Structure formats: structure tokens, C-alpha cells
1. Which whole-number percent gives the relative contact order of segment B:406-477, counting Cα pairs below 8 Å spaced six or more residues apart?
2. Once R0 is set to 22 Å, what does the formula 1/(1 + (r/R0)^6) return for the Cβ-Cβ distance between B:Asn159 and B:Lys246, expressed as a FRET efficiency to the nearest 0.05?
3. Please report B:Cys131, A:Cys95, B:Cys545 as a ranked list, fewest other C-beta atoms within 10 angstrom at the top and most at the bottom.
4. How far apart, in nm, are the 7 Å Cα→Cβ label points at A:Glu216 and B:Glu237?
5. Averaged over its residues, how many other protein chain Cβ atoms are within 10 Å of peptide B:374-382's Cβ atoms?
6. Please give me, ordered by residue number, the trypsin sites (Lys or Arg not before Pro) of segment B:517-579 that lie in loop per DSSP and have at most 12 other Cβ atoms within 10 Å.
7. If the chain between B:Glu364 and B:Glu403 were fully stretched, how many nm would it gain, using 0.36 nm times the residue separation less the Cα-Cα distance?
8. FRET efficiency for A:Phe172 and B:Leu291, Cβ-Cβ distance as r, R0 = 45 Å, nearest 0.05?
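Only the coordinates and a few stated rules stand behind these numbers; no lab work does. These figures come from a predicted structure and were not determined experimentally. For neighbour counting, all protein chains shown are included, and Cβ atoms are generated from backbone atoms with ideal geometry for every residue, glycine included.
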Amino acid sequence: MLPNEQRDPLRPTGRVFYLKERTFNMLKKDLLLKNPLRLLGHDSDDIITEGDFGVILARAGVGKTAIGVQLAINSQLRNQNVLHIALNDPVQKVCLWYDEVLRNLISQHDISQEARLWDIILPHRFIMTFKVERFSVPILEERLNDLIEQEIFVPRMLLVDGFPFKNESRQFLEDLKTLAKKLGFHVWFTMNIHRHNQPAPDGFPPEFSRFEDLFEVAIQLIPEGKEVFVRPLKGIGGKSQSPGLSLNPSTLLFHVPDDPLT
Amino acid sequence: MNIDIQSVRNIGISAHIDSGKTTLTERILFYTKRIHTIHDVKGKDGFGATMDSMELEKERGITIASAATSCQWNKHEINIIDTPGHVDFTMEVERALRVLDGAVLVLCAVGGVQSQSITVDQQMKRYQVPCIAFINKCDRVGANPERVIRQLSERLGHNAVAMQIPIGLEADYEGVVDLVSMRAVYFEGVNGEILRTEDIPEDLVVVASKKREALIDAASMYSDELTEAALEESVTEELLIDALRKATLTRELTPVFMGSAYKNKGVQPLLDGVTRLLPCPLDVKTEALDLENEEKPVELVADPKVPTMVALAFKLEDGQYGQLTYIRVYQGTLGKGDTILNVRTGKKVKVGRLVRMHANQMEEISAIPAGYIGALFGIDCASGDTFCSPNVNYTMTSMFVPEPVISLAIKALDQKSEANMSKALNRFAKEDPTFKTFVSEETHDTVISGMGELHLEVYIERMRREYNAHVTTGMPRVAYRETITRRADFNYTHKKQTGGAGQFGRLAGFIEPVADEDFVFDNRITGGSVPTQYIPACEKGFQKCMSKGPLLEFPITGVKVTINDGASHSVDSSEMAFQAAARGAFLEAYHKAAPVIQEPIMKVVVESPTEFQGAVMGTLNQRRGIIVGTQDEGPICVIEAQVPLSEMFGYSTVLRSATQGKAQFTMEFLTYRQAPKSIADELIKKAGEEKKNVA
């Protein structure tokens, strides 16, 4: 200590290492590094910004929601608010998805920290469920204004699960894009595709092809035998990158190369 | 009394508040000729429903205590336990479910599967109670039984199948089409007591055939015979009912009936359903634990002829002739004059009067055979006690009892009230395991604790009305908890040499947080630095500290104490010295272990018209609530939130004024969570002030 430096009487002389705190922060960091987007070869956590759309495409039952929830949890761990919109599913079912994904995510780590992770995630998550026929941009805007004006919840990301992409959906998507820009959030969708449909001339699945211009990022999940492979379709470093990235079929989490636990 | 056990049905009627279950029970009693007039729930005619025997229940239109009653239908004896619908009284519901073989889940045709239905359903799952569903209020505007069946599948995960389809709905609701017999059933007469069956109306023939096909399809999963018959198109009524019953008993299928109890429609077919589909006592496997054989499970046989009798007391009531104990006999026969053993107290008692109850009327009987529910007089016991023949020592598995989350100080207004109050409290605590009472050591106040504001409110009202005990109440107190968040070491020496025998004991070790346990003690002392005979005293000393935390004087939970060193003195060490050393050691470490205050968090579910969604979310947010989600269901939305209990006092008034009285909410304990620092500081300050005042 320099002679004229005043010592804070409250500050302990030795340095204290709070190992538990450190372990927790390491776990949090570890989970952050397992951001699905980083694993796909993207170098920052937010691949899309305000007003942008991303989409996860797959056939029914392959794991779209699981990936969406992983993206959501990742944002929540970075203290970003995520509004999860589920169409036709009750709130309880959505909560079960989070329980399941989070449990699987940390089962490879220290399970006793689960409660603390929940404390971090919960304030950053808001679930809204709608009947498909009632889900419209004006209703959503009204609900969002309720939340934002009362400072209850200001979302940075929206995850829309179960939206039925139809021919007439273009207007909805355009309106939602305008709203996303206005209120400053980005949107991830899940999109159901069918195996019997031939790819469109641009090579994309036809369900996606007709709206392709509205989306900045697209990821496709392709089941092959017992494995589910992840194929970046648009916006993530090109189609050739990360060719071997797959999902663990039992947990529907990303299988991280060189990590025996996943 | 009919003692063909195959024809006995012990059923409960469970549902969300205001789904009309008491009205339904009333109609059942009317059609089974137990009562001869019908009264409304809210007592518009000055009588109140027969099952709501307590004055308070009649006034509030809610059923507080489950009244038991029995009736006959189609040569079957049906024992009905009417259960309360409000969350605050779930202990009553749980206790009722414990002794039941089957249940009718009543759902509102407009409201559908509401939050309380989910809680009740979970309870049924816990006790593996097979159930059938009844969609009530089909005459109301907005009734949609189809949607309710869908919700049963989607929200509660039931494999729900319609047994009927409605003929008309809302104001045009006329009757039902029975999909088993494929006949239309109409309810005529002043009280719907005359059943008229006819051919299915032409416009419903196609729908009915389709629905019947779906019913056969669902049932054939559980019966090969039915599958074969379906392929040959020769399905008989018996075959279909047999398959449905088989699947209902294993909870793999939930048959759904519909009607409007208030409008006297659809109740008789439901009774047929109860007798044809729900289990008799023989269908249900019941186990007791043999206390003399290391709690080995013993399967009970529902046979009245078995000499060893086993019965469970599930409800107590204080009547004009003394304590009335509702009891279910599981094995053997309980006869008048028999000597039985109360397993909990080890006391032998002689059975005096035996009765069968019909709400607040009773019928004298000489015996209660296995599988039956009855009541006995003059036996002193607590709810949940097992009675058995004196030659065995069996206990029925203990019931799940949640810890109380709220407490209230009460004071009698005069001396007469004081005597009555203690009588009342004694009775309530025996009746209801979730209701507890004690005298505060500091303030000398009598404190009552329970599962919610309404829970305690009802008991205070009952004290006034039934026992003439007038009391004033203090502010409700939330059951906070203290815990530690970090490991801390201790090395404490307790030394006292002030004349007389000295005291000496040294303990070293550490305390650390532990999840899912209240208190863990780990002795790692080697080499005898603390003699073995003093170790239990050390544990006792530490455990005593857990009952009252230094911050708020609330219990401490989640602490593991490890002792690994110490010292003793050949003359001055004693059990007392080591207990004191443990206390000192704990206090030394506690403040270093970053203690925090935990508060009870409630799961709050509000159902409100959609236009008030924003306002409701605002009220929850102002109460430090985390809104988990909102469910948009057309005109109604459901908002689920997690809110600290301390912020929920008086919420019903706030919600009423924010929604023009159109919203309702339910609340149940969810978990304990760390209170924010500002709140914790305030609580500590307040506790300090209170302590000073008392001193």
C-alpha cells in the first residue's frame, strides 16, 4: 500500500474467493457458450436485431420448440426479456418445455444450482398463449402496450411457436415486422414443413420459400435415421458450415462436438 | 343396511368453486328420495342446500366442510362426500379423496377447466381416484360441452370421451342423447324427475353415430372382446359398459356426462354412470402399515367377515351430542359395543353409538361393514387416526399435510369468550390438520395459522357463531423463514466457572446451506475430542437454534451442521454444557454464513374478462408478482403469476374494483424464495422494534 493511500476499514485485508459464486458464474458462462447460434458458427450471440425475423423449420415432432426454448433461455441468461407466444398450447405446457430443456441443459453440470438459474430466468420470461384464430397483430400490440406502459415487461425477443404459415399470412408477418421495429424486438418463429413437399426452385422448402424475403435467418432440422441434423438455410455463414452439427435425440439439445457429455 | 359390497359406491364430488357441485348433490339426494324438496345453494328460499349444513356455508354459498351422506340408486348404495371447492380448504378435499373409491369431477360448461379443477385433478391423481366428469350448467349462455371435453384432454391430460351429446344448448337445452343406448333422454315433471326416452332427433342422428363410434373406439383400446364386436358390428350395451368401466378404474379413460343440475337435467344418467362405471370397495387396493412388523405394508381385504377390523377417521364434527367422527371401514366390521384401538394414541376405546349421516340428519345403525362410511359418537380422536381391532397395530398411510403459510394473533373480548375460544380452537385443530394454534411466548397472544386468509377468516366466523366466542384479530403474519447462503466455520468454547459446578465444552466445525432438507447434522469427530455421549446433546443444541432464527425469530431451514473437532473437560463437561456450546457455535457461524430471509410465494391464477387483462396484470405487478403467463381464451383470459403472500392481503377487494367484480382468483402455496434486500431489511427493523416493545 502506498504511504498516502487510505485503507478502507471495511475492506478485508485478504482476498476472499467465493467458490460457489464462481462455479455458478462459470456454469452460466458455459451455458451461454452453448448458444445454438454460436455452435452454428455465428460469432455473436444475437444474430438478428430489432425488427428481424428468424425461423426454425422442421417436420412435426423433430424438435423445433426445443431449439426455440434453447434460444430463449440463452437470451434470458443474458438478462434479455423473451416473450414466448404459444398458439393453442396452455401456459403450463410451455412451462414444461422450459423445465425440461433447462433440466437437460444443466444435468451435465451442478444440479443443485437449478433453483438459482430459475431465479435468473423467470423474471425474463413471459408466456402468452392464444387460440390461433384470435392471434392478430392488433391484439398482440394491445397486450404488449399493456405490459410496456405499466413497465411490467419489455421484450427484446419474441418466440412465436405454432404459427400456421398460410398464403394469407404475409400481411400478418409484414405488420408484425413493423411492430417489431417500432417496439425494438426481434422475432423467432417455428415453422412446420412436410416431407412430401418437393423443394421450391430456390432450393428452400416450399412453406418457407414464399416468405423467404421476410426472414433474415433460417435453420432447418433434418432427421436422418436416429439423428437430427441442423442445417443453416439462410443468414448463418452459408450452407457449407458446421455440416456435422446435430441434436441429441433424447434431450433435443445440440450435440456439441468434442463434448462427450452431450 | 344392504351389505352387498359390490353395490357400494363411495364417491366424492370435486370441482372448481361455483361449478354447482352442491346443487348437483342436492339434486342427487332429491332423485334418490333422501330429501323431498329442493333448496337453492344461496338460500334464496331461506333454507339453503341440504349438504351445506353449517350456517356460514349457507350464507356464503360455499361448502366448507365435507358433509357425508348416503343414498340408494338402482339397488346400489352411494355414499357421497361433498367437498369444498376453494383452494384454502384443500385439506378437506384431500382428506375426502383419501377415503373415496371414485369421484365425479364437476366442470362448468361455460368456464370449462378452471384453475381449481387443475388442483383438484392433481389431488385425484395423487390418490389414484378413478373419476367420471359431469359438465354442468349446459343451460347457461356460452355453454360449450365440446370445448370442455377438449380442455379435459389438453389441460388435464385426461383421455376424455363423451358418453352423451346435448340436445340443444343454452336456453334451448332440452336433454341428452345417450351414446351407449343411442336414445334421446328428456327430463320432465316439475323437478325433472320423469325421464322420457325417445328416438334420437333427426338432426342429431349423424353426430350421435359419429360420437358413438369415437366412444367405442376409445373403449375398445381396453377390451379385445369389444374390438372384435366392433369389427363384427355387434356391440352390446353390456360389452361397451364393461370396457368403459375397466378403463375408468385404471384412470385410463374419463367418461363425460353432461346436464344442468339447476334445471334438473342430466342428473339421473349421471347416477347410472356412477353405479355402472365407478369402482366398488373391492375394486380398490388398500394398504395399511403393520407397526409391529417394521411398517411392512399389509393389503386390506374389503370383507365384512374378516375378524380384524381396520378403519380410518377422516373427519370430525362437533355436534350437539359431542364429537361426531366420520369413519371409513376398510376391513372387517365395526360393531356397536366393540372395543377398538386408536393406533396413534395406543388407547383402547369402546364404540358407543353408530350412525349413518345424511348431511345434518342421522340414522342409527348397529354396525359399519368394510367398504362403508359411517360416523361414531363419543370417541376422542383426531382427524386421520386409524382404528383397528386390539389384536393388531396397523396404521393407514399418513396423509399429506401442507405446512401453514399464514398466522394471525387473536384475543378474546371477554372472559366467557376466552373459555369458548379455547374450546373452539381445540376442536378446529383436531378437525383440520392444516389449522394450527399456539400461544406466542413473547406476546402471550394466541396465534392461529392456516393455509390462507379465507381459511382463517372462516374459523374466526365459526368461533363466533358456533361457540359464541367473540375475538379481535391482529394483522395477519406471514410465515417467513431464515436460511444461510454460504459456508461458515465455528470454533466456540463454552466456559462457565462462577461458583458451583463449572461448565465446559468446545465445538469446531462449519455450517453450510443444504437443499431440500430442513436440518442435517454430520458428526465427523474422530479421536474422541468430544466424547460420544455428548454428541446427541450437540445435535439437540444445534436443532434448537433452528426453531428461531436470530434475524426475524422465524424458523431456520436448509442448514447442514458439521462438527469435526472440540474439547471436553473430565469434570466440567456435561450434556448441558455441550448444548450451550452448540448454541454459541451456531450463533457465531450464522452471521458469517450470509443469512437471508425467505418468504412464501403463492401461485396466483386470475380468470378475468379479456378487457381487464392489462388492469389485472398491473395489480399483480404492483404486488411484486412475476407474471408467468397469460392465456387468451376468447372472452376470458387466465393470468398466472407468482406473488409473495405478504402482498396478497386484501387482494380480492383490489381485484374486484379493478375488474368491476368480473374476475376471480385462486391462490395456493408454491415455494419459498429469498425476499429482496429492501423487504428483508424492513422486516428485520420491524422485528427489532416489536422485540423492544415486548421487552
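1. Numbers: 107 pairs, mean separation 36.3, N = 72.
RCO, segment B:406-477: 50 percent.
2. Numbers: r = 13 Å, r/R0 = 0.59.
With a Förster radius of 22 Å, E is 0.95.
3. Going from least to most buried by this count: A:Cys95, B:Cys545, B:Cys131.
4. Distance between label points: 6.7 nm.
5. On the way: counts 0, 0, 0, 0, 0, 0, 0, 0, 0.
Partner-chain Cβ atoms within 10 Å, mean over residues of B:374-382: 0.
6. On the way: sites: B:Arg524, B:Lys540, B:Lys544, B:Lys548, B:Lys560; in loops: B:Arg524, B:Lys548.
Within segment B:517-579, the qualifying trypsin sites (Lys or Arg not before Pro) (loop, at most 12 other Cβ atoms within 10 Å) are B:Arg524.
7. On the way: separation 39, 0.36 × 39 = 14.04 nm, distance 3.74 nm.
Length difference between fully extended and current span is 10.3 nm.
8. Values: r = 66 Å, r/R0 = 1.47.
Computed FRET efficiency for A:Phe172 and B:Leu291 comes out at 0.10.
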